[in-house]
Amino acid sequence: MKVLQIDSSILGNQSASRQLTREAVEALRREHGAIELTHLDLDADPLPHLSGGSLAGANPAEADRAARVMDDFLAADVLVIGAPMYNFSIPSTLKAWIDRIAVAGKTFRYTTNGPEGLAKGKCAIVISTSGGEHAWGGPSEHQQSYLDFMLRFLGITDIRHITAAGLARGGDRRQQALEAARVELAAPLARAA
Ligand SMILES: Cc1cc2nc3c(=O)[nH]c(=O)nc-3n(C[C@H](O)[C@H](O)[C@H](O)COP(=O)(O)O)c2cc1C
């Protein structure tokens with residue numbers, strides 16, 4: 001089973017989402033035995049923003065990296081995505097990754113019946129963290145609902161959402177939120193590929 005782990009938090013060892021993506025990968029190992037893991041750290045190794053030059057293939061090194069990122073995405077059976085909330089949305093580095101994998105003709109296409117996702121058969125485990133608490137799809141939430149929509153747009157329908165919210169609220173709230181996320185991680189995560 002090929003697993004693609006994507007981290008985007010800028011908080012290093014203090015990051016809740018990084019801790020939880022690690023634990024999700026460990027849980028997948030326990031569930032499925034040997035896994036083939038590719039780790040994309042978008043803080044340590046961010047992708048350049050998509051530009052006119054990117055579309056024209058002006059920079060061969062950038063084009064090679066984009067091709068590798070697409071290959072890793074297409075090859076993955078399971079995606080483990082760490083998505084902290086930054087300014088009510090996802091980190092721009094994670095958006096830059098989405099801009100590289102959402103490619104017409106490769107991961108989606110437009111048909112006379114509307115758009116069709118082509119990245120079918122994958123499972124996505126989306127681990128969302130936030131300092132505050134935000135209702136799904138509400139005016140301040142452009143994180144989980146966006147990722148859910150985007151993954152479905154690309155053809156991924158098997159999506160597990162793990163949430164640790166209210167991490168900045170003080171008191172025991174952080175610990176409680178992390179424990180609740182761990183309970184969710186303890187349930188079977190992905191069907192065997
Ligand atoms: C640059 C930045 C922007 C943030 N913006 C928000 C926000 O809009 N809403 C919110 O609830 N928390 C916000 N936070 C808090 C983070 O979501 C929270 O610290 C979360 O734990 C980050 O995930 P991580 O621990 O994996 O880094 C922000 C944090 C940072 C560093």
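Taking each residue as 0.36 nm, the span from A44 to R169 lengthens on full extension beyond its C-alpha to C-alpha distance by 42.2 nm.
Within the accessible area of the stretch 101-187, the carbon and sulfur atoms contribute 54%, probe 1.4 Å, all protein chains present.
Using every pair of distinct Cα positions in the stretch 1-107, the Kirkwood expression returns a hydrodynamic radius of 14.7 angstrom. Remark on the chain: hydrodynamic radius 17.2 angstrom, per the Kirkwood mean of 1/r across alpha carbon pairs. The length gained on full extension between Q176 and E31, counted as 0.36 nm times the residue separation minus their Cα-Cα distance, comes to 49.7 nm.
Peptides 75-83, 25-33 ranked from most to least packed, by the mean per-residue count of other Cβ atoms within 10 Å: 75-83, 25-33.
The charge dipole of the stretch 2-186, taken about the Cα centre with unit charges on the Cβ atoms of Lys, Arg (+1) and Asp, Glu (-1), comes to about 160 debye, rounded to the nearest 20. Per residue of the chain, the DSSP helices (runs of n ≥ 4 H) give a summed -39500 (n - 2.57) that works out to -11500 deg cm²/dmol at 222 nm.
A 1.4 Å probe run over the protein chains yields, for the stretch 1-136, 49 Å² of accessible area per residue, whole-number rounding.
The values are calculated or read from the model by the stated rules, or taken from the named source; none is laboratory data. None of these values were measured; they are calculated from a predicted model. Quick reminder, even Gly has a Cβ in these numbers, built from the backbone with ideal geometry, and neighbours come from all protein chains shown. Calculation scope for accessible area: heavy atoms of the full protein, side chains included, ligands and nucleic acids excluded. Shrake-Rupley method; radii C 1.70, N 1.55, O 1.52, S 1.80 Å.
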